[in-house]
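A.B. asks: Okay, handing you the structure first.
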Amino acid sequence: MGKIIIAGIGPGNEGDMTFAVREALQSADVVVGYQYYFQFIKPYVREDCECVDTGMKKERQRAEQAFELAEQGKTVVVISSGDAGIYGMTPLIYEMQRHHTATAIEVSSLPGISAFQKAASLLGAPIGHDLCIISLSDLMTPWEVIERRIKAAATGDFVTAVYNPKSHGRYWQLYRLQELFLQERSAETPVGYVRQAGRDDEEIKITTLGDFDPEDVDMFTVVLIGNSQSYIADGHFITPRGYYRKETNEGEKIGQNIMIESFRTIAKELKRQDYPLDHKWALLHAIHTTADFDMEIILYTDSGAVEALYNKVRMGALKTIVTDVTMVTSGIRKGALQRLGVEAKCYLSDPRVAQMVEEKGITRTQAGIRLAVEEHPDALFAFGNAPTALMELCELIRKGKAHPAGIIAAPVGFVHVRESKHMVKPFREIPKIIVEGRKGGSNLAATLCNAILCFDDAAQLKPGRDV
């Protein structure tokens, strides 16, 4: 009795065929397969080896013929491109063996490099984390089942390889897949696709889920869609596993991971998905702190304000944050302040405040701001409680005594609160973050400071970093 070896010959490049498959081909009396693939195995078969072509879409006949030849005592190698176990001949041969009369025929399989693996290596490192493979061919799987699997892959945040993305008769399915993924993934999610991977007319392209054009794909193309951590860098499509990250203690890692996951949850519930990243970063901090989605309406940031203020901190041009009350200072992340060399100060407990209040007949917070401006006229000023303090700063700016690096205007209350925020807006040259209306608070002012100090972490919200 002969034997059947099912061999994955790889995507078509000689260097991508395993040594074990080459040995199997050299031992074969007969090779059974689709004729197109014979060109890739010619150097490895003996001259007396018979090559049997059963034609395209004749997989069952191919398998039956392999068993007939093996019954004659021959060593039969059944070939599939890529890995024979992935949309290839291996499952069919093993299924057929269960019902075949010649049960003594030995069946074995040899793995090959799959098309999605070859495509991944050409794109960079897109399959570095959990992944799945979906075929869009509905010849043997109902479309309803395929669509359910697409939704599961998109929702589950799997890196997804798409086989059989398109053919002459199937022109709309890839559009539907893109539509379903965009319901769950950012439009900036990387997409890479490779046509004829490993062959002479190989084509490699990288784009994003939003810009991906299904018309640029044919039946010889494998498409890879990244997960929420995938990103494009230097022309490479990368999905990080998590080995390379900033060194922090374990507690900080856990806390950071929870916060970022919370941010992603919040982001899915926003009415708009196209906010600039620095505004979105401040908005997510505000909602995360308050659980108030009204922030999407009332949080105002000057264009690029968060990023500009972060860059001032990073470059050492901003060294001081002045707050109106100690509760704001307490809420600013100490680790971030220390790491960046920034000092957060509140002057309410300064002995000079009480003296100034008595002499000038002003509030304690107003006095605190006057002292702060004398010592740190170019600080970032953050207000979470006292509208009178914010109004005092505005007057000092108009008199030329203060030139803040930025202003966070989030006082809360019912008297002069709205007016104090309106007074800030004419200072167009000063980066501003404003919580409009009556809402605000020390917790909000502090979290908006934190959004500035840790803006480098905002990249985790877009395809780009593992958390």
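The values are calculated or read from the model by the stated rules, or taken from the named source; none is laboratory data. Bear in mind the structure is a predicted one, so any value in this text is a computation, not a measurement. Quick reminder, even Gly has a Cβ in these numbers, built from the backbone with ideal geometry, and neighbours come from all protein chains shown. We work out accessible area using only protein heavy atoms, side chains counted, and drop any ligands, DNA or RNA first. Shrake-Rupley method; radii C 1.70, N 1.55, O 1.52, S 1.80 Å.
A.B. asks: Among the residues of the stretch 119-130, count how many are of a type outside the set (Gly, Ala, Ser) and either in contact with a helix residue (DSSP H, G or I) (Cβ under 6 Å, 6 or more places away or on another chain) or free of Cβ contacts under 8 Å to residues at least 12 places away in the same chain (or both).
C.D. replies: Residues meeting the conditions: 2.
A.B. asks: Considering Ala161, Ala197, Ala187, which residue is at pLDDT below 95, under 29 Å from Ile266 (Cα atoms), among the hydrophobic types (A, V, I, L, M, F, W, C) and not in a helix (DSSP H, G or I)?
C.D. replies: The unique qualifying residue is Ala187.
A.B. asks: Anything in the stretch 157-175 that is under 10 Å from Pro214 (Cβ atoms) and among the aromatic types (Phe, Trp, Tyr)? List them, or say none.
C.D. replies: Tyr171, Trp172, Tyr175 - these are the residues of the stretch 157-175 that are under 10 Å from Pro214 (Cβ atoms) and among the aromatic types (Phe, Trp, Tyr).
A.B. asks: Same structure again: (1) of a type outside the set (Phe, Trp, Tyr); (2) in contact with a Leu (Cβ under 7 Å, 6 or more places away or on another chain); (3) surrounded by fewer than 20 Cβ atoms within 10 Å (Cβ to Cβ); (4) modelled with pLDDT under 95: which one isn't true of Gly235, the others all being true?
C.D. replies: Of (1) of a type outside the set (Phe, Trp, Tyr); (2) in contact with a Leu (Cβ under 7 Å, 6 or more places away or on another chain); (3) surrounded by fewer than 20 Cβ atoms within 10 Å (Cβ to Cβ); (4) modelled with pLDDT under 95, only one is false for Gly235: (2).
A.B. asks: Moving on to the next point. Tell me which residues, restricted to the stretch 4-45, are touching a residue at least 60 places away in the same chain (Cβ under 8 Å), surrounded by fewer than 18 Cβ atoms within 10 Å (Cβ to Cβ) and either farther than 27 Å from Ala120 by Cα or aliphatic (A, V, I, L, M) (or both).
C.D. replies: Answer for the stretch 4-45, where residues must be touching a residue at least 60 places away in the same chain (Cβ under 8 Å), surrounded by fewer than 18 Cβ atoms within 10 Å (Cβ to Cβ) and either farther than 27 Å from Ala120 by Cα or aliphatic (A, V, I, L, M) (or both): just Ala20.
A.B. asks: Here is a follow-up. Can you name the residue in the stretch 59-73 that is in contact with a helix residue (DSSP H, G or I) (Cβ under 9 Å, 6 or more places away or on another chain) and either of a type in the set (Lys, Arg) or more than 13 Å from His100 (Cβ to Cβ) (or both) and is also surrounded by the fewest Cβ atoms within 10 Å (Cβ to Cβ) among such residues?
C.D. replies: Arg60
A.B. asks: Determine which member of the set Arg185, Arg176, Arg149, Arg199 is closer than 28 Å to Gly15 by Cβ and among the basic types (Lys, Arg).
C.D. replies: Going through Arg185, Arg176, Arg149, Arg199 in turn, the sole match is Arg199.
A.B. asks: Hey, another quick one. Would you kindly identify the helices (runs of 4 or more DSSP H) lying entirely within the stretch 299-363 that contain at least 2 residues that are touching a residue at least 40 places away in the same chain (Cβ under 8 Å) and open to solvent by 50 Å² or more (accessible area, probe 1.4 Å)?
C.D. replies: 305-314, 326-331
A.B. asks: Any idea which residue in the stretch 377-396 is nearest to Ala286 (Cα to Cα), counting only those that are out of contact with any helix residue (DSSP H, G or I) (no Cβ under 6 Å at 6 or more places or on another chain) and open to solvent by less than 20 Å² (accessible area, probe 1.4 Å)?
C.D. replies: Checked the stretch 377-396; the qualifying residue nearest to Ala286 (Cα to Cα) is Leu380.
For (1) in a helix (DSSP H, G or I); (2) among the hydroxyl-bearing types (Ser, Thr, Tyr); (3) at pLDDT 95 or above, each residue gets a yes or a no:
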| residue | (1), (2), (3) |
| --- | --- |
| Pro411 | no, no, yes |
| Pro426 | no, no, yes |
| Ile430 | no, no, yes |
| Gly437 | no, no, yes |
| Ala446 | yes, no, yes |
| Ala459 | yes, no, no |
| Arg465 | no, no, no |
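A.B. asks: Inspect all residues belonging to the stretch 165-172 and state whether any of them is out of contact with any strand residue (DSSP E or B) (no Cβ under 8 Å at 6 or more places or on another chain), without any contact (Cβ under 8 Å) to a residue 60 or more places away in the chain and either open to solvent by less than 50 Å² (accessible area, probe 1.4 Å) or under 20 Å from Ile86 (Cβ atoms) (or both).
C.D. replies: Yes, the stretch 165-172 contains at least one residue that is out of contact with any strand residue (DSSP E or B) (no Cβ under 8 Å at 6 or more places or on another chain), without any contact (Cβ under 8 Å) to a residue 60 or more places away in the chain and either open to solvent by less than 50 Å² (accessible area, probe 1.4 Å) or under 20 Å from Ile86 (Cβ atoms) (or both).
A.B. asks: To continue, here is another question. Considering only residues of the stretch 103-158 that are open to solvent by less than 20 Å² (accessible area, probe 1.4 Å), among the β-branched types (Val, Ile, Thr) and part of a helix (DSSP H, G or I), which is farthest from Val223 (Cα to Cα)?
C.D. replies: Here the residue is Ile146.
A.B. asks: Has the stretch 248-266 got at least one residue that is closer than 22 Å to Ala125 by Cα, open to solvent by 60 Å² or more (accessible area, probe 1.4 Å) and either modelled with pLDDT under 90 or not in a helix (DSSP H, G or I) (or both)?
C.D. replies: Within the stretch 248-266, not a single residue is closer than 22 Å to Ala125 by Cα, open to solvent by 60 Å² or more (accessible area, probe 1.4 Å) and either modelled with pLDDT under 90 or not in a helix (DSSP H, G or I) (or both).
A.B. asks: Taking Val77, is it touching a helix residue (DSSP H, G or I) at 6+ places or on another chain (Cβ under 6 Å), surrounded by fewer than 24 Cβ atoms within 10 Å (Cβ to Cβ) and under 20 Å from Ile9 (Cα atoms)?
C.D. replies: no
A.B. asks: Being among the acidic types (Asp, Glu) and in contact (Cβ under 8 Å) with a residue 24 or more places away in the chain is the filter; apply it to the stretch 46-70 and report the residue that is farthest from Phe19 (Cα to Cα).
C.D. replies: Glu64
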